[in-house]
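Below you'll find the structure, written out as structure tokens, and then a few comments.
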Amino acid sequence: MLKKIIDRPVLATVISVVLLILGIIGLTRLPVTRFPDISPPTVTVTGSYPGGNSESVIRSVVTPLEEQINGVEQMEYIKSTASNDGSFSITVIFKQGVNADQAAVNVQNRVQQATPILPQEVIQMGLTTSKQQNSMIMVFDVFTEDNKKYDELFLQNYMSINIVPQLKRVPGVGQVQMFGAKDYSIRVWLNPQKMANYSLVPADVNAAIA
């Protein structure tokens, strides 16, 4: 074959031109995506159990939810995490090519089936079901040139009020997370004697502050 190409340069030129034309045609018809869907669809269920540690959250909340969600259509596997502050997260990974919107609806239906057996505190706090990518798409750094006037706490608060809500409204954004977040907070010391005089409990004070 190589000897024929060497002996017939015209044939070699024609083959090269044909391959070039086919390459150009294929290049123009090749689909191009800025953010290609290379990771499987993922649906996350998050919530909080006030006053619960990681063990009680797993036993009372995560396990019942996993039992209901497990086996949802086109599911690959499921994983969950729980922390000592009462927060938990259940991540459901689906097969590649599954419609993420439909997967989120299916998971939400399973979560609703588990709601009657969950603690009332969890239901009051609410459960959030959202679709998202496993990997981060973009990272922003926020800094200031005047460290004395605008400290780290000010920047974190400014981001949570002005930047994060705007990013969450962008179409296609599933989650916005701040690393090392520091929120403003207040600490209230209660006087048991005065609270007893006014027939108040800590929950009443919490509701008044909120």
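The values are calculated or read from the model by the stated rules, or taken from the named source; none is laboratory data. No experiment lies behind these values; they were computed from the predicted model shown. Note: ideal-geometry Cβ built from the backbone for every residue, glycine included; neighbour counts use all protein chains shown.
Being hydroxyl-bearing (Ser, Thr, Tyr), modelled with pLDDT of 90 or more and within 22 Å of Asn53 (Cβ to Cβ) is not true of Ser83. A residue that is of a type outside the set (Gly, Ala, Ser) and at positive phi can be found somewhere in segment 70-89.
Out of the helices (runs of 4 or more DSSP H) lying entirely within segment 93-193, which hold 1 or more residues that are closer than 22 Å to Glu73 by Cβ and within 18 Å of the chain's Cα centre (by Cα)? Spell out how you get there, then give the answer.
Details: elements: 100-114, 120-125, 152-158, 164-168.
Hits in segment 93-193: 100-114.
Checked against (1) within 15 Å of Thr42 (Cα to Cα); (2) touching a helix residue (DSSP H, G or I) at 6+ places or on another chain (Cβ under 9 Å); (3) not aromatic (Phe, Trp, Tyr), Ala100 meets all criteria but (2). Residues in segment 28-55 that are of a type in the set (Phe, Trp, Tyr) and modelled with pLDDT under 85: Phe35 only.
Here is a yes/no grid of residues against (1) over 16 Å from Ser130 (Cα atoms); (2) loosely packed, with under 15 Cβ neighbours inside 10 Å:
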residue: Pro64; (1), (2): yes, no
residue: Glu67; (1), (2): yes, yes
residue: Val72; (1), (2): no, no
residue: Tyr77; (1), (2): yes, yes
residue: Ser83; (1), (2): yes, yes
residue: Gln96; (1), (2): yes, yes
residue: Ala100; (1), (2): no, no
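Exactly one of (1) among the small types (Gly, Ala, Ser); (2) touching a helix residue (DSSP H, G or I) at 6+ places or on another chain (Cβ under 6 Å); (3) assigned to a loop (DSSP other than H, G, I, E, B) is unmet by Ser80. Its number? Condition (3) is where Ser80 drops out.
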